[in-house]
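Participant: What follows is a structure written as structure tokens; I'll ask about it next.
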Amino acid sequence: MSRIWGGIHPPCDDIPGRLIAIEIAADAFSKAEGYFACCQANAPSTPGTIQAVGGNTKVCPGETKTYSVANVAGATSYTWIPPAGGVIVSGQGTTSIVVNYTSAFTAGDSLKVIANNSCAFSAPRSTLIRRNSPAVPGLISGTNFGLCNQSNVPYSVPTYAGVTHNWNITNASGSVVASGQGSNTITVNFSPSFVSGNLTVTANNGCGTSTVRKLALKATPAAPGTITGPVSVCANQQSVPYSIDPIANASAYVWTVPSGSRIFDGTTLSNSATMTTQSTSVFVNFKNTPGKVIVKGVNACGNGTAKNIAVSFGCREEADKVLGSEWSVSVFPNPSSDYFLVTLTDFEFFHAITPVIEVIDVLGRIVFTDSFTQNVYELSGGTLSPGIYTAIISVGNESKSLKIVKTE
């Protein structure tokens, strides 16, 4: 104060200025302290949560978003600070702004707002604004085996808002996305030369491209499901049933049984241990060798993966030839819906004895009986209801048995 009184270069004795300072300094300090205390007491509160219209705080370059806060008591204006790459288009100073995101918005950053009045300003409120980078698409739904020369095969992934989808086929060999490119649902036409590859899809938006989702594809049929049938049978047991569920886009099935055994598909009896048929159910006439019953689906592009079931022998049944016997018996076809030809060998040996055939059902009842007049007896399927029977052929005191299966 003495310098105010005496100027920049006061005289040596500045007694008047010092006396004035002593009189007013304490009062001036008290008034200043009161002023700032008043301002501090009347500073606006920190604004509430920043709300994004639509509720999503994730954005991409090129998008425009609106944000707002509730009005703060005592505030006369609001200062907004956008994230790096965000430009406030309108609303600065108010409770609501519009922000445009440019290509400079490359990483997550905070949007801030401060409440102001003539006395002071609040602490800032902030919210993190993230890039809306697309997530990897969900699992691809659709057929992935048996695609040989198939057309309009549908595939899809779950729908996500704000993205497009880019689909591709690796090792396409002429296969193409026929419809739906850009959407979450497509159809594909597979060429005759397609063997295998991957169907891939990515999600895309202004923030970039997602990680790839893929589905392995093959032209040949899928492996069969579970083979239904017994795993322990008797040596020489006849008409043992095995089956699988149909395989999508398989045109036929290749069944293979142990060496010496034969396969009946309801129409034809194989002449080897392998049969190609359109039937998913077969009957096996086992011989003396245990092993595996194997099946695979096939189509015009090749063979699918095989499935097998191991079959062991736990007993022995009489069959075509019994050790020490001088005659044998066989039946063909078996199973059958029409007729059974029961054949005896060495029939001349029994010229003085008439062979007799008896058919017994699963309850042990004799449902049919007759005599042979020659070495081949034709048993009409019309006399039997569908089911499994035991045919007993007796010659004198000796007999042999066979299982027969009557189908629909």
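Participant: Got a number for residues in the stretch 323-343 being out of contact with any helix residue (DSSP H, G or I) (no Cβ under 7 Å at 6 or more places or on another chain) and either farther than 19 Å from S239 by Cα or at pLDDT below 75 (or both)?
Facilitator: Going through the stretch 323-343 one residue at a time, the tally reaches 3.
Participant: Can T228 be described as within 30 Å of V257 (Cβ to Cβ) and at pLDDT 95 or above?
Facilitator: yes
Participant: Taking the condition of a type in the set (F, W, Y) and under 14 Å from the mean Cα position of the chain (by Cα), does F121 pass?
Facilitator: Considered against the rule, which asks whether it is of a type in the set (F, W, Y) and under 14 Å from the mean Cα position of the chain (by Cα), F121 comes out as no.
Participant: Tell me whether the stretch 85-106 contains one or more residues that are closer than 21 Å to G180 by Cα and surrounded by 18 or more Cβ atoms within 10 Å (Cβ to Cβ).
Facilitator: no
Participant: Which residue is surrounded by the most Cβ atoms within 10 Å (Cβ to Cβ), if the candidates are limited to the stretch 157-192 and must be part of a loop (DSSP other than H, G, I, E, B), touching a Gly at 6+ places or on another chain (Cβ under 6 Å) and polar (S, T, N, Q)?
Facilitator: Among those that are part of a loop (DSSP other than H, G, I, E, B), touching a Gly at 6+ places or on another chain (Cβ under 6 Å) and polar (S, T, N, Q), it is S191.
Conditions (1) assigned to a loop (DSSP other than H, G, I, E, B); (2) of a type in the set (S, T, N, Q), marked per residue:
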| site | (1), (2) |
| --- | --- |
| T79 | no, yes |
| V87 | no, no |
| I97 | no, no |
| A107 | yes, no |
| L111 | no, no |
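The values are calculated or read from the model by the stated rules, or taken from the named source; none is laboratory data. Note that the coordinates shown come from a computational prediction; the quantities given were computed from them, not determined experimentally. So basically every Cβ, Gly included, is an ideal-geometry build from the backbone, and we count neighbours across all protein chains shown.
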